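Worksheet for the structure shown next.
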Amino acid sequence: MNWDLIEGKWKEIKGQVRSKWAKLTDDDVEAVGGKKDELIGRVQQRYGMHRDAAEAEVDSWIKEI
């Protein structure tokens, strides 16, 4: 699935995001609003990852869904 589809279906996908990254709060998921860079930043912040690692994890998740 490409990011444009994810952004367009964000309200439907939010639950999957919360399942994948349980440390993200509802406010985090709402603030992301379908923006990839914002999701990467939130994952990086909540999980204490380097940006490259967070980006790789988000990219891997995109391929899964």
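The values are calculated or read from the model by the stated rules, or taken from the named source; none is laboratory data. Predicted model only: the values in this text are computed from it and were never measured. We place every Cβ from the backbone using ideal geometry, glycine too, and count neighbours over all the protein chains shown.
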Considering residues of the stretch 22-34 that are of a type outside the set (A, V, I, L, M, F, W, C), surrounded by fewer than 14 Cβ atoms within 10 Å (Cβ to Cβ) and assigned to a loop (DSSP other than H, G, I, E, B) only, the residue modelled with the lowest pLDDT | 33
Just to be sure, is residue 38 modelled with pLDDT under 95 and either assigned to a loop (DSSP other than H, G, I, E, B) or among the charged types (D, E, K, R) (or both)?
-> no
Could you check residue 37 against (1) within 9 Å of the chain's Cα centre (by Cα); (2) surrounded by 14 or more Cβ atoms within 10 Å (Cβ to Cβ) and say which number it fails?
-> (2)
Among the residues of the stretch 5-21, write down those that are farther than 17 Å from residue 55 by Cα and not in a helix (DSSP H, G or I).
-> 9
Contacts under 8 angstrom Cβ, first residue in the stretch 8-19 being on the phi < 0 side of the Ramachandran plot and in contact (Cβ under 8 Å) with a residue 12 or more places away in the chain, partner assigned to a helix (DSSP H, G or I) and aliphatic (A, V, I, L, M), 6 or more apart | 10/32; 13/6; 14/29; 17/29; 17/32; 17/39
